[in-house]
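Laboratory data are not the source of any read-out in this text; all were calculated from the coordinates shown. Fair warning: this is a prediction, and the values are worked out from it, not measured in the lab. Here the Cβ positions follow ideal geometry from the backbone for every residue, glycine too, while neighbour counts run over all protein chains shown.
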Amino acid sequence: MADDDFAWTVKACDDLNAFDLKLVSEFFNEHFPGVFYPKCFPEIFTWKLGDGNPAGRGFLTVAMYKNQVVGTTSGTRRELIFRGERVPGMEIGDTFTHPDFRRSGHCATPYQQDADPDGYFSKSIFGRLVMETLDRARKAGVVHVYGTPNENSRPPYIKRLGFQEIGSGKIQTWSSISPKTAFQGRFASLLSLFSKGAKLLQALGVMFGKNGYSIKIVPFEAIEELMANMVEFEFPDQNPKADFVLSRGLNFLRDRYQNHPTYSYYFYLVARREKPIGIVIANSLTRSSGRRTLVISDWFGERVNMRKQLPLVIALILRNFPNVEIASVWSENEWTKAMTWYRFGFIGRKNVSLIYKCLSQGHNPTSPSFSKFRFGWSDNG
Ligand SMILES: CC(C)(COP(=O)(O)OP(=O)(O)OC[C@H]1O[C@@H](n2cnc3c(N)ncnc32)[C@H](O)[C@@H]1OP(=O)(O)O)[C@@H](O)C(=O)NCCC(=O)NCCS
């Protein structure tokens, strides 16, 4: 589609006008089907980047070529708590470049010469769009930026854009794989046997470890009541140990989960011997791999009980989703906890990369860290 003579342009779409968002959605649906489930719709951008987001309006930057979108980057505002204080944060993401433009073409308008000595921001769509998104975010007062890149975008974020990786190895995806999964390839029968074993472990774990724990689906409003009435309720706004935590007040939870334009989240009330101890937020969707997945997006409640019993609680929730092929959760990678995950048939699948960049000189923490990073902090589930 492109060659070195073809020049793309950069467009800031922060006003979220309907025409631009339609083109962006078409770009995703045509070139990256499955990234958004069931499809990409303009409403996804108006929801997370528009006035409804309690942390503020976000940023959307696209590359255009012949009236078509050929690359995207977004910045979604998030309120973070930094050492006890509320600070303006942002998640950088939606970095996608049309395959034909990854190593050819150039930008019609060169980036400021002094900030771009080898011309990277005038040729790489990814580099240029992220840079321009960060520039506008900085001007609008955003200070702390984070992201959860995949193996394609992690290298340029770090090598080219000055992000630092702060979470690799600390957060891990734990998964429970169902024997129903259509395993293919050389190790198919071995994997299937393994997942049957994991399922058996899970059933035994639930049988012997249930210990009075139960779950039930509740409406969103029940969260408010629970927060008001529970003694020792852990809300991550209070975590003195970590540099950063996501501020998760009721307004955030309502907007992030209840108001999501395309996903239907389930709010599970967890109780022990009838006494409520917490909430788990889950979502069932089909990943771009085609796998029906149960995503455990977030959870909170009584500090000790919820932390220790999460694998059991997820195993209980899984019983409500017989068609799910894989359940996934992001959780801190601690050895003691790992044993509990194994006991309930979960395996650690991969480390999650978490990157960070400070946009304001003088506010840069010496060795930044995030605490309790979960799927729900990002747009991944
Ligand atoms: C991740 C992604 C956006 C990165 O885009 P990209 O165009 O490859 O951008 P990069 O800046 O990483 O470019 C890779 C290399 O090609 C070079 N390059 C990019 N555009 C070029 C161009 N027009 N001409 C010549 N070289 C170019 C870059 O300089 C870089 O080389 P370097 O290693 O020397 O710095 C892209 O690979 C993609 O869309 N992947 C699929 C979707 C995806 O996984 N997105 C991430 C979601 S988390």
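Tabulated data for the structure shown
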| item | result |
| --- | --- |
| Rounded to the nearest 20 debye, dipole of the chain from Cβ charges on Lys, Arg, Asp, Glu | 1620 |
| For q = 0.15, 0.20, 0.24 Å⁻¹, Debye-computed log10 I/I(0) when each Cα of the range 37-78 counts as one equal scatterer | -0.42, -0.69, -0.87 |
| Inter-probe distance in nm under a simple model that places probes 7 Å from Cα toward Cβ, at THR9 and THR366 | 4.9 |
| Proximal aspartates and glutamates to LYS170, defined as alpha-carbon separation beneath 16 angstrom and excluding residues fewer than eight positions away on the same chain | ASP243, GLU332, GLU334 |
| Farthest positive-ward along the chain dipole, Cα basis, beta-carbon charges - from PRO368, MET207, HIS260 | MET207 |
| Cβ crowding within 10 Å averaged over residues, with 43-55, 257-269 ranked highest first | 43-55, 257-269 |
| Anchor LYS123: lysines whose Cα lies under 18 Å away (excluding residues fewer than 8 positions away in-chain) | LYS11, LYS66, LYS159 |
| DSSP-defined beta bridges in the chain - what % are antiparallel, rounded to 5 | 85 |
| Cβ-based exposure ranking for THR173, THR109, in which fewest neighbours within 10 Å come first | THR109, THR173 |
| Residue among PHE82, SER168, GLN309 farthest towards the positive dipole end of the chain, charges placed on Cβ | GLN309 |
| Of HIS106, PHE321, GLY71, farthest towards positive along the dipole that unit charges on Lys, Arg, Asp, Glu beta carbons give the chain | PHE321 |
| Peptide ranges 166-172, 366-372 listed from the most packed, as the mean C-beta count within 10 angstrom indicates | 166-172, 366-372 |
| The chain: DSSP helices with Cα axial extent of at least 27 Å and average Kyte-Doolittle hydropathy no lower than -0.5 | 188-209 |
| Burial ranking of peptide ranges 148-161, 111-124 (average Cβ count within 10 Å, highest at the top) | 148-161, 111-124 |
| For the chain, average projected area of the Cα convex hull in nm² | 19.8 |
| Cross-link partners of LYS48 among aspartates and glutamates (Cα-Cα below 17 Å; sequence separation of 8 or more within a chain) | ASP14, ASP15, ASP20, GLU79, GLU91, ASP94, ASP255, ASP379 |
